[in-house]
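Novice: Quick one: structure below, then a few questions.
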């Protein structure tokens, strides 16, 4: 896998996506989020998926910073989703978790040299903390963009 680069744009993706999800869960009734489907998943399930991934990737960034070249195993997104895919989850709580995890990533990577801290991924090989953060930023941004189109702001 090509090593992804964490930069200011990725930091803005993380912050903006958390804000967008927060707006959606505050302005769209939970019942509507549970009823709106995107292929196989509802909006609540997508928000839960992004929140779960954000926590996993925040932990990976933390490990790269705290440990000398940690090895992290690949996680099976489908298995995690199947285990946690629950349309009854609280959208507001999922939004809080997403916001906290994205904020944690941005804060950790503000330290000089933090993004370059090395790690090893079971499938991707040698990567760094910045790669993990950039991957989550791109992943979150794709899902958040889909949700934002379905639930645009009302003025």
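Readers should treat all values here as calculations from the given coordinates under stated rules, not as data from a laboratory. Remember, it's a predicted structure, so these values are computed and weren't measured experimentally.
Novice: Measure nothing fancy, just the Cα-based angle from helix 8-27's long axis to the longest principal axis of the chain, in degrees from 0 to 90, nearest 10.
Specialist: 20
Novice: Can you tell which of 116, 79, 15 shows the greatest fluctuation in a Gaussian network model of the chain with Cα springs below 10 Å?
Specialist: 79
Novice: Here's a follow-up. Taking 0.36 nm per residue of separation and subtracting the Cα-Cα distance, what length does fully extending residue 107 through residue 138 add?
Specialist: 9.4 nm is the gain from fully extending residue 107 to residue 138.
Novice: Further question: Quick check on segment 8-150: what are the equivalent-ellipsoid semi-axes from the Cα gyration tensor, as sqrt(5λ), descending, whole Å?
Specialist: 28, 16, 11
Novice: Given a cut-off of under 8 Å on Cα pairs at least six residues apart, what relative contact order in percent is computed for segment 55-155?
Specialist: It comes to 38 percent, rounded to a whole number.
Novice: Kindly express, to the nearest 10 degrees and within the range 0 to 90, the angle between helix 129-150's C-alpha long axis and the longest C-alpha principal axis of the chain.
Specialist: Here the helix axis deviates by roughly 10 degrees.
Novice: If you don't mind, another one. In degrees, nearest 10, range 0 to 90: what is the angle between the Cα axis of helix 91-108 and the longest Cα principal axis of the chain?
Specialist: Relative to the chain, helix 91-108 is tipped by roughly 20 degrees.
Novice: Pick from 123, 39, 16: which residue has the top mean-square fluctuation in a GNM of the chain where Cα pairs under 10 Å get a spring?
Specialist: 39
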